[in-house]
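Structure record follows, encoded as structure tokens.
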Amino acid sequence: MIRDICKDEAFLSQKAELATPDDLQVATDLLETLEHHKEGCVGMAANMIGVNKRIIAFDNEGTYMAMFNPEIIKKSGPYDTVEGCLSLTGTRPTKRWHSIKVRWQNEKFQERLKTFTGWTAQIIQHEIDHCEGIII
């Protein structure tokens with residue numbers, strides 16, 4: 001189901017709760033909402049659709065992917081950039097990392113570990129910030 005985009009900064013600034021298998025529908029809704037906004041959006045976190053759970057969805061080099069309970073466990077290559085967000089007006093400066101190692105759970109809640117670089121790494125960092133209640 002395509003959901004409305006949350007623009008309430010008080011809600012968006014809350015730290016997300018851990019996702020559970022009961023949240024699989026949230027991930028489906030998140031992926032469908034991301035697909036609906038593909039012209040102007042490459043990633044979303046569950047709080048952007050009004051659900052305070054640690055779930056993100058993003059464009060992983062042409063294929064949409066969801067992560068449950070993602071966390072960055074290693075990062076390198078800092079750089080400064082400017083980003084926008086569907087939940088916010090305009091763009092804002094931020095610091096990102098060229099390479100990140102992420103631990104997350106897939107849709108079967110099996111743990112996964114992978115290093116992402118470049119644009120995909122930047123998208124993931126933005127969405128994990130949402131999970132932490134960090135607004136760019």
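None of the figures in this text is laboratory data; all of them are computed from the coordinates on show. Model, not experiment: these values are computed from the prediction. Cβ: placed from backbone, ideal geometry, glycine included. Neighbour counts: every protein chain shown.
Annotations for the structure displayed:
- Label point 7 Å beyond Cα of Leu113 along Cβ direction - residues of the range 52-85 with amide nitrogen under 16 Å: 70-75
- Taking every C-alpha pair closer than 8 Å and separated by at least 6 residues, the mean separation divided by the residue count of the chain gives a relative contact order of 27 percent.
- Build a GNM of the chain with springs between Cα atoms under 10 Å apart, and of Glu107, Glu35, Glu61 the one that fluctuates most is Glu61.
- Cα pair distances in the range 1-68, grouped into 10 Å bins until the bin that holds the longest one, percent each: 23, 55, 22, 0
- Distance histogram for the range 47-132 (every C-alpha pair counted, 10 angstrom bins, percent rounded to whole numbers): 16, 52, 29, 3
- Packing-based order for 80-90, 50-60, 19-29, using average beta carbon neighbours within 10 Å, highest first: 50-60, 19-29, 80-90
- In terms of surrounding Cβ atoms within a 10 Å radius of their Cβ, Ile124, Ile73, Ile136 rank from fewest to most as Ile73, Ile136, Ile124.
- Size of electric dipole in the chain: Cβ of Lys, Arg +1 and of Asp, Glu -1, about Cα centre, debye, nearest 20: 580 debye
- Between the residues Asn47, Val102, Leu88, the greatest Cα displacement towards the positive end of the dipole of the range 1-134, with unit charges on the Cβ of Lys, Arg, Asp and Glu, is found for Val102.
- Summing charges over all other residues whose Cβ lies under 12 Å from the Cβ of Leu113, with Lys and Arg as +1 and Asp and Glu as -1, gives +3.
- FRET E, pair Glu61, Leu18, Förster distance 41 Å, beta-carbon r, rounded to 0.05: 0.90
- Per-pair calculated FRET efficiency, R0 = 35 Å: Ser99 and Asn52 via Cβ, rounded to 0.05: 0.75
- Calculated FRET efficiency for the pair Glu132/Leu86, C-beta based, R₀ 25 Å, to 0.05: 0.90
- Ranking of Trp97, Trp119, Trp104 by count of other Cβ atoms within 10 Å, fewest first: Trp119, Trp97, Trp104
- The string of couplings for the range 63-74 from the Karplus curve (6.51, -1.76, 1.60, θ = phi - 60°) is 10, 6, 9, 10, 10, 9, 6, x, 8, 7, 10, 7 Hz, one whole number per residue in order, with x for Gly and Pro.
- The length gained on full extension between Asp4 and Lys75, counted as 0.36 nm times the residue separation minus their Cα-Cα distance, comes to 22.3 nm.
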